[in-house]
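As structure tokens, the structure follows; a few thoughts come after it.
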Ligand SMILES: Nc1ncnc2c1ncn2[C@@H]1O[C@H](COP(=O)(O)OP(=O)(O)OP(=O)(O)O)[C@@H](O)[C@H]1O
Ligand SMILES: [Mg+2]
């Protein structure tokens, strides 16, 4: 699903955010990406959706080298990846329904598909009663449920979530992570960057450890603090 071979990313100012990073993530996995601020987690995520391209090395997503994807192929890549943000990135003045409809329309869904799919995804994330609420009337946990509903609306093969619980209290964070885990159980690959020790320790999933742009550990059933 994701294959990175010696992926290096140097920003224009010379800052080397990733240094020869190699790993393999299979279809259906749930993977945490951890590491101190500045370790390169967001940089890696941006490369997976081709917001950035590697300076050297090869990054393959869904079997395709992202550096070689052009125009329409990039849209196809992104349509197959659900993105969940720390700050939700929802349209504040619009309803939950309209936020999801907006994303689905951008991916070419028909009005009929939207009417069918939106209640389904809201049911799945436990937000059905808020379908016509405006986003600026929701709590943090509800905002992230809406964000996840939008991310899964196009039935992506993979979800990437960059600090999805960064703005939430511990209990709500756990609820959100369990929601992502349930989505994973149904077959979607999930990749989560996080600083949240409690959730990593509780879930006992694979953990990839980044330190100053390098992978320093990769453990099945890992904990937040890397076992030596
Ligand atoms: N646009 C940019 N231009 C130059 N350097 C950048 C840019 N974006 C990020 N960096 C640098 O790249 C390194 C990795 O940043 P990145 O945002 O990937 O870290 P992170 O692991 O996501 O950190 P955090 O946990 O704080 O979100 C940092 O040193 C950062 O300063
Ligand atoms: Mg980051």
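Every read-out reported here was derived from the displayed coordinates using simple, explicitly stated rules and does not represent laboratory data. This is a predicted model, so every value here is computed, not measured. Methodologically, a virtual Cβ is constructed for each residue, glycine included, from the backbone with ideal geometry; neighbour enumeration extends over all protein chains shown.
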**Complete:** Once both label points are put 7 Å beyond Cα along the C-beta direction, the residue 226-residue 128 separation in nm becomes 4.5 nm
**Message:** Which order do the peptides 57-68, 160-171, 138-149 come out in when sorted by mean C-beta neighbours inside 10 angstrom, highest first?
**Reply:** 138-149, 160-171, 57-68
**Message:** For the pair residue 181/residue 219, report the inter-label distance in nm, with labels modelled 7 Å from Cα in the Cβ direction.
**Reply:** 1.7 nm
**Item:** R0 of 25 Å, Cβ-Cβ distance residue 60-residue 94: FRET efficiency to nearest 0.05
**Value:** 0.10
**Request:** Quick one: grab the alpha carbon gyration tensor of the stretch 103-197, order the square roots of its eigenvalues as a ≥ b ≥ c, and give me rounded if a/c is under 1.5, else prolate or oblate depending on whether a/b is larger than b/c.
**Result:** oblate
**Asked** To the nearest Å, what is the center-to-center distance of the stretch 164-228 and the stretch 87-103, using C-alpha atoms only?
**Response** 26 Å
**Asked** Hey, rough spin-label estimate for residue 79 and residue 23, points 7 angstrom out along Cα→Cβ, what's it come to in nanometres?
**Response** 2.9 nm
